[in-house]
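A.B. asks: To start, I am sharing the structure in question, which I have written as structure tokens.
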Amino acid sequence: MEVRVTGALMLLYGMPITRIAVLTHSDITAHNTPHLRIGEHPVALPPAVHQLLQRQAEHAVQRSAVGRVTARPGWLLPGYAAGTHHSAAALARKMRFHGLPAHPSRNTALLAPAADLPASVLRETLGISISAALQWTRRAARGWNTYLTLRSGQKSATNSEPPWNGG
């Protein structure tokens, strides 16, 4: 269940595992439309993801070092020591074990919103720094200027037609 929750949040919202590990029950709201507080503003949750998070929250059990069940934790992903959350390193290991490496998966997930949202909105929505948001929007830029500049420089250097023009 922890892997499904982590994978869903990482792949849908590009959340870093360090942020997923510290989510609490209060980060999930279920008023009229379910939301998850990621950054400064709550983000709408698809119904299937909301149900997954609710199941995780309901079944989150924390055991003490001697094996006793402790009071219901506030963490969505409780750790092994009483009162702590699951460690990001342990979640990353579980993700790799199930074929979902955290870094490439998160990078891929961040490209879609970075292509559609301005950096300031990306920063507020996903809770990342403005410099990171600017880098992501540059990486996801859909402009063709760089491509055309490179192609024109390559054409003049080689003085040949591109392969799709039969040259």
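A.B. asks: If amide hydrogens are placed 1.01 Å from N in the peptide plane, which non-local residues have theirs closer than 5 Å to the one on L76?
C.D. replies: The answer is L23, T24, H25.
A.B. asks: So how do 30-41, 7-18, 45-56 stack up, highest first, on mean other-Cβ count within 10 Å?
C.D. replies: Ranking the peptides 30-41, 7-18, 45-56 by packing returns 7-18, 45-56, 30-41.
A.B. asks: Turning to a different aspect of this structure: Averaged over every viewing direction, what's the projected area of the C-alpha convex hull for the stretch 76-147? Give it in nm², one decimal, please.
C.D. replies: 6.7
A.B. asks: Residue-wise, which Karplus ³J(HN,Hα) couplings in Hz belong to the stretch 128-139, taking 6.51 cos²θ - 1.76 cosθ + 1.60, θ = phi - 60°, and x for glycine or proline?
C.D. replies: Taking θ as phi minus 60°, the curve returns 9, 5, 5, 5, 5, 4, 5, 4, 5, 5, 5, 5 Hz for the stretch 128-139.
A.B. asks: Going by amide H atoms built from the backbone, whose H comes under 5 Å of the H on G39, apart from near neighbours?
C.D. replies: Residues meeting the amide H criterion: G127.
A.B. asks: A further question follows. Report the extension gain between T24 and T108 in nm, rounded to one decimal, defined as 0.36 nm multiplied by the number of residues separating them, less their alpha carbon distance.
C.D. replies: 27.7 nm
A.B. asks: Right, another one. State whether the stretch 1-66 is rounded, prolate or oblate according to the following rule on the C-alpha gyration tensor (a ≥ b ≥ c being the square roots of its eigenvalues): a/c under 1.5 gives rounded; otherwise a/b larger than b/c gives prolate, and the remaining case gives oblate.
C.D. replies: Verdict is prolate for the stretch 1-66.
A.B. asks: In addition: Using per-residue counts of other Cβ atoms within 10 Å, averaged over each peptide, order 106-114, 92-100 from highest down.
C.D. replies: Packing proxy ranking, top to bottom: 106-114, 92-100.
Read-outs throughout are calculated quantities, based only on the coordinates presented, and are distinct from any laboratory measurement. Keep in mind that what you see is a predicted model, and the values were worked out from it rather than measured. With ideal geometry, Cβ positions are generated from the backbone for all residues, glycine too; neighbour counts draw on all protein chains shown.
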